[in-house]
1. Could you grab me the full set of residues in the range A:78-104 that are within 15 Å of A:Leu209 (Cβ to Cβ), more than 17 Å from the chain's Cα centre (by Cα) and assigned to a helix (DSSP H, G or I)?
2. How do the pairs read when you match residues in the range A:271-282 that are within 8 Å of chain B (Cβ to nearest Cβ) with residues anywhere that are outside any loop (DSSP other than H, G, I, E, B) and surrounded by 13 or more Cβ atoms within 10 Å (Cβ to Cβ), using Cβ under 9 Å and keeping only pairs 6 or more apart or on different chains?
3. Identify all residues within the range B:212-226 that are closer than 23 Å to B:Pro190 by Cα and at pLDDT 75 or above; write none if there are none.
4. Please verify whether A:Val159 is more than 7 Å from chain B (Cβ to nearest Cβ), closer than 23 Å to A:Thr312 by Cβ, in contact with a Phe, Trp or Tyr (Cβ under 6 Å, 6 or more places away or on another chain) and modelled with pLDDT of 95 or more, treating the condition exactly as stated.
5. Filter the range A:305-325 down to the residues that are surrounded by fewer than 17 Cβ atoms within 10 Å (Cβ to Cβ) and in a helix (DSSP H, G or I) and list them by number.
6. Quick check on the range A:128-143: of everything there that is among the aromatic types (Phe, Trp, Tyr), buried (at least 18 other Cβ atoms within 10 Å of the Cβ) and in a strand (DSSP E or B), which residue is farthest from the other protein chains (Cβ to nearest Cβ)?
7. When the residues of the range B:128-153 are filtered to those that are part of a helix (DSSP H, G or I) and surrounded by fewer than 19 Cβ atoms within 10 Å (Cβ to Cβ), which remaining residue is nearest to the other protein chains (Cβ to nearest Cβ)?
8. Given the criteria more than 11 Å from chain A (Cβ to nearest Cβ), polar (S, T, N, Q), surrounded by fewer than 14 Cβ atoms within 10 Å (Cβ to Cβ) and without any contact (Cβ under 8 Å) to a residue 40 or more places away in the chain, does B:Asn253 qualify?
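The values are calculated or read from the model by the stated rules, or taken from the named source; none is laboratory data. Predicted model, so just to flag it, every value in this text is computed and none were measured. Using ideal geometry, Cβ is built from the backbone for each residue, glycine included, and neighbour counts are taken over all protein chains shown.
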Amino acid sequence: MLTKADLAKYPFLSEASEYVRELGLSIEELSAPEFSPVLDRAEGRLEEALSKGRVSGNITNENAEILSFPISNLILSLVGEERARRRFALAESKRAYELLRQEDPEKLEYIASTTFMWKLKRLDVKLGKRFYDFALSLPNFLHNSVHLREPRWNLPNRVLDHGFVYITRDEAARLMEEEVRTKILERSGRTPDEVPRLLGSRVERARGLVVKWLGLPTKYELPRVPLPEAMPPCVRHLIDSLDEGKNVQHMGRFTLASFLLNIGTGEEDVVRLFKPATDFSERMTRYQVEHIGGKRGGRTKYTCPMCSTLKTHGVCYKPDEICETIRNPLSYYKSKSRTLTNKGPKREPN
Amino acid sequence: MVRHRAFRDPSVLLGAIRDLIPAHTYFSTAYYQEPTAAMEEKGWKGADLVFDIDADHLDTPCKPSHDKWKCKACGTVGNGGAPRICPKCKNDRMEEQTWLCDQCLRQAKEETTKLLEILYSDLGVEPSNLRIFFSGHRGYHVHVYSTQLQVMGEEERREIASYVLGQALDPQLHELNEVNVGGVKVIEGPQLGQPGWRGRMVEGIYDVLSEEGERLGLSPAQVKTIKTQDRDEFFKRPFWSSVKGFGLSTWKNLSVKAVDRRSAKIDTVVTTDVHRLIRLPGTLNGHTGLLTMQVPRERLDEFDPFRDSLAFHGEMRVRVKDAPQFRLAERQFGPYLNEEVELPSYAAMLLLCKRRAEPVI
């Protein structure tokens with residue numbers, strides 16, 4: 001079913017790993033001059049990913065394309081930079097998407113079911129203007145769609161029929177991109193036992209590339225004093241509602257307390273905020289605030305719920321443009337306070 | 001509270017329940033490697049998908065007639081939902097008392113029926129992998145047992161909860177659109193019989209059109225048009241474009257309402273929780289003395305929670321402080337006010353559990 005050209009396009013496939021294994025090459029053997037295109041391509045993949053966020057899908061040398069991929073991963077795992085691994089996984093998965101979307105349904109089906117273990121049915125259905133090639137089992141769909149934020153990926157906006165979600169060919173490729181990303185991230189996260197001598201200098205060069213394109217790892221520090229102007233609309237709305245003596249449901253209260261504690265508000269100040277609540281009990285509120293802060297009970301410090309959770313529970317309120325770019329109210333605060341205080345880069349490179 | 005217990009054998013569990021005599025018994029819907037270990041060390045393996053439909057979350061018109069409030073400061077009482085502040089002493093500490101009600105539970109059953117239809121035909125749940133339970137108080141629980149769905153995390157479950165609720169469903173993404181056919185604007189949209197929300201949306205529109213047009217936000221002219229339509233004839237032809245004065249925005253608005261009518265009003269918190277504790281079927285609900293029990297699907301329609309979940313036999317004397325009229329089995333009881341009465345034990349237990357009465361010994 002798969003040709004060598006396919007393995008070059010999709011070097012993350014189990015067949016590609018198998019092909020590499022069968023060649024039985026050791027890392028040391030790769031130091032032979034005839035393999036320098038492989039090492040160069042491995043480095044090229046990394047540099048393209050780091051500099052442009054894309055890895056090119058043009059294939060000039062099939063063997064180098066197949067062999068370089070595991071080496072890029074190996075170098076990355078030796079570099080051990082989380083930011084670089086994420087960026088590489090994203091860039092490679094985008095490359096895969098661009099290539100996958102041009103494949104015929106047979107090949108997509110084969111790759112999806114053998115490499116990603118998808119339960120996929122061929123479909124030949126036109127609803128409205130859209131033509132659906134596949135129906136994908138609900139767990140497989142959700143596993144990937146939850147990472148995607150456009151409304152068309154939300155389950156209520158999909159056609160769901162007896163446990164299968166209708167998808168177009170392009171959507172199948174897009175969901176596979178997510179699979180590829182997770183797979184590569186997982187792969188580059190494995191730490192090898194020792195650094196092969198040959199790769200030593202390449203690893204150093206890759207470290208240099210990471211610093212060149214992503215900069216030194218900086219940790220942006222939140223302002224010492226909480227900045228009310230940097231709070232997201234949902235949190236401001238919760239504070240206003242409490243002020244006006246309106247009843248705020250459990251999820252809203254939890255969101256507010258965990259948000260404020262996470263941006264460094266003192267427990268006393270958080271407790272005081274709840275005073276206007278109709279059912280305010282100082283003792284109870286203090287206990288709960290301390291619990292969320294990790295001082296009591298399970299000793300877990302709670303973080304603020306994700307935006308998707310807040311949407312489900314009706315806490316999300318009048319999202320603005322910054323909301324479009326974040327998934328957690330804390331990121332909103334981080335991003336806006338950074339702009340307001342004019343510190344650090346506008347966006348953290350991934 | 002006794003938590004983190006595991007039992008290898010039903011008879012041991014039964015023994016423990018007899019020893020402890022708990023007012024409420026729950027079990028975890030999650031599966032763990034080590035169920036008795038501390039929370040972080042249990043080793044989560046998966047969790048059944050559960051749905052909770054509770055009258056607390058439903059907006060039933062009867063609530064003011066059976067729910068009460070009392071001001072904690074001055075003791076003023078009133079019917080229905082509690083006001084924000086006491087009208088007499090302006091204090092804001094309120095106590096609310098809810099009551100069992102036929103109408104609320106009928107509504108909960110209706111929501112459960114809608115949920116089951118979505119689970120069967122959209123999620124593809126096999127009837128044999130699903131069980132329905134009466135909670136013993138104000139609602140129903142549906143448990144889905146599926147190895148495929150068990151391993152889903154919170155985010156995936158949230159999507160399923162949203163789906164069942166039809167939350168933020170965008171009719172245009174279901175291809176309700178205005179298209180240009182040879183210079184004529186035509187509205188196209190989902191058709192009856194299409195899978196998932198598409199067909200259901202059209203069914204919902206059928207329901208919605210029988211409602212008061214004014215309440216739907218239609219103009220007087222549109223209301224008049226609707227009244228002259230024969231609903232059944234109407235759906236036999238491509239209707240999206242055939243109603244005079246109904247444009248895309250009107251249909252979008254009606255579609256959203258249609259989805260709301262057909263969605264199942266579940267409690268999202270329960271469905272998204274992967275560590276949920278839920279009432280153990282076969283035990284008594286300490287709020288009512290009624291039995292938490294399985295209701296086979298084929299018996300759901302005729303199931304009468306106030307007749308079929310009674311657990312106690314015999315008679316009991318109780319002193320009732322205050323209770324509204326209620327029905328259990330085929331008998332009407334109350335209303336009572338500061339009186340001593342001899343009642344069937346199931347009725348006496350309900351009043352005791354609801355703290356409306358005290359035993360007379």
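1. Result: A:Leu78, A:Val79.
2. A:Thr278/B:Met94; A:Asp279/B:Met94
3. B:Leu216, B:Gly217, B:Leu218, B:Gln222, B:Val223, B:Thr225, B:Ile226, listed by residue number.
4. When the stated conditions are applied, A:Val159 does not pass them.
5. A:Glu321, A:Ile322, A:Glu324
6. A:Phe134
7. Of everything passing the filter in the range B:128-153, B:Gln148 is nearest to the other protein chains (Cβ to nearest Cβ).
8. Criteria not met by B:Asn253.
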